[in-house]
Amino acid sequence: MTGIVRCAWRGMAGVDLYEAYHDTEWGVPERDSRALWEKLVLDGFQAGLSWITILKKREAFRAAFDDFDPEAVARYGDADRARLMADPGIIRSNAKIDAAISGARIYLDMRERGEDFSRFLWDFVDGKPLQPGFASAVPAETPLAVDMAKALKAKGFKFCGPVIVYAFMQAVGITNDHLTSCFRHEAVRRMGED
C-alpha cells in the first residue's frame, strides 16, 4: 500500500509485519475473552521493550504458551517455567513468565465465579469503544487506563500498570487511537458502532 497515511509510529514505515499489524489488527474491537487475555499477557511481556520486538516473537510465544490456552498455562509448574526460560524465541523473564502463569489462574478463577473477562474489560466503556479523535499526539496513559490497571491489579494481575493497560486498550479497540489522518481511523470507528 503506497501513498496511504498511517499513524506515525516510530520504526513502522516500510516494515511489512508492523504495517500489517497496524493496518489489520490494531484498534479492531476484540470481544473474545481468551484473545483479550493473550494480548494482555503479550503487553506485559512488552514492558520495557518495543512492540515490534513482541510482534516478531508472537508466534514463538503462542507455541511456547500452548496458544495461550488459559487452562494449559494455569497448570504450568517448575518444568514449564524452566522450558520457557530456556526458549530463545520468547522474552525470558522469570517475573513476566510467572505473571503469565498466575494471570491464567486468575482468568480461570474469574470464569469459575461467572465473571467474563471480556465483559469485565468492556464494562469500563459501557461496551462501546472510545472515540477520542486524536489528530496528533496520543497520551501514554489516561485516567481510565489508571482505573482499569487498578482493577486488574486488585484481581492479582501483574505487569498491568496504566501505560501497559493503555497500550492494551488501544490494541484491542477499547479506544480508537488511530489518528484522524490515518486511513484506518474511520473504518475502526465504524467497527465500534456495530
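The values are calculated or read from the model by the stated rules, or taken from the named source; none is laboratory data. Computed from a predicted structure; not experimentally measured. Note: ideal-geometry Cβ built from the backbone for every residue, glycine included; neighbour counts use all protein chains shown. Keep in mind that these areas ignore ligands, DNA and RNA; they rest on the heavy atoms of the full protein, side chains included. Shrake-Rupley method; radii C 1.70, N 1.55, O 1.52, S 1.80 Å.
Within the stretch 86-194, which GluC sites (Glu not before Pro) sit in a loop by DSSP and count at most 10 neighbouring Cβ atoms inside 10 Å?
Working: sites: Glu112, Glu115, Glu141, Glu186, Glu193; in loops: Glu115, Glu141, Glu193.
Those satisfying the criteria are Glu193.
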**Study point:** Vicinal HN-Hα couplings computed from phi for the stretch 152-160 (Karplus, 6.51 cos²θ - 1.76 cosθ + 1.60; Hz; Gly/Pro x)
**Key:** 5, 5, 4, 7, x, 5, 10, 6, 9
Point to revise | Three-way shape call for the chain based on the alpha-carbon gyration tensor, with the a/c threshold at 1.5 | key: oblate
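Given a 1.4 angstrom probe, what's the average accessible area per residue across the chain, in square angstrom? Numbers along the way, then the final one.
Numbers: 9320 Å² over 194 residues.
Each residue of the chain exposes 48 Å² on average to a 1.4 Å probe.
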Study note, to complete from the structure: Taking Cα atoms, the helix 51-64 axis meets the longest principal axis of the chain at an angle in degrees (rounded to 10) of 40
Point to revise | Accessible carbon and sulfur surface of the chain relative to its total accessible area, %, 1.4 Å | key: 53
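May I ask you to compute the full-extension gain from Glu141 to Arg92, defined as 0.36 nm times their residue separation minus their alpha-carbon distance, rounded to one decimal in nm?
Values: separation 49, 0.36 × 49 = 17.64 nm, distance 2.63 nm.
My answer for the length gained is 15.0 nm.
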Practice item. Only Cα pairs under 8 Å and at least 6 apart count here; give the relative contact order of the chain as a rounded whole percent. Key: 32
Practice item. List every residue whose amide H lies under 5 Å from the amide H of Leu130, counting only residues 5 or more places away in sequence or on a different chain, with H placed 1.01 Å from N in the peptide plane. Key: Thr175, Asn176
**Study point:** Given charges at Cβ of Lys, Arg, Asp, Glu: the chain dipole, positive-most of Ile164, Phe124, Ala74
**Key:** Ile164
Practice item. Before rounding to the nearest 500, sum -39500 (n - 2.57) across all DSSP H runs of length at least 4 in the chain and divide by the residue total; then give [θ] at 222 nm in deg cm²/dmol. Key: -16000 deg cm²/dmol
Practice item. Starting from the Cα gyration tensor of the stretch 80-150, take the square roots of the eigenvalues, sort them a ≥ b ≥ c, and report rounded, prolate or oblate (rounded when a/c is under 1.5, otherwise prolate if a/b is larger than b/c, else oblate). Key: oblate
Review point. In degrees, nearest 10, range 0 to 90: what is the angle between the Cα axis of helix 162-171 and the longest Cα principal axis of the chain?
Key: 60
Practice item. Select from the stretch 1-47 those GluC sites (Glu not before Pro) which occupy a DSSP coil region and have at most 15 other Cβ atoms within 10 Å, ordered by residue number. Key: Glu25
**Study point:** Those trypsin sites (Lys or Arg not before Pro) in the stretch 57-122 that DSSP places in a loop and that have at most 15 other beta carbons within 10 Å
**Key:** Arg75, Arg92, Arg113
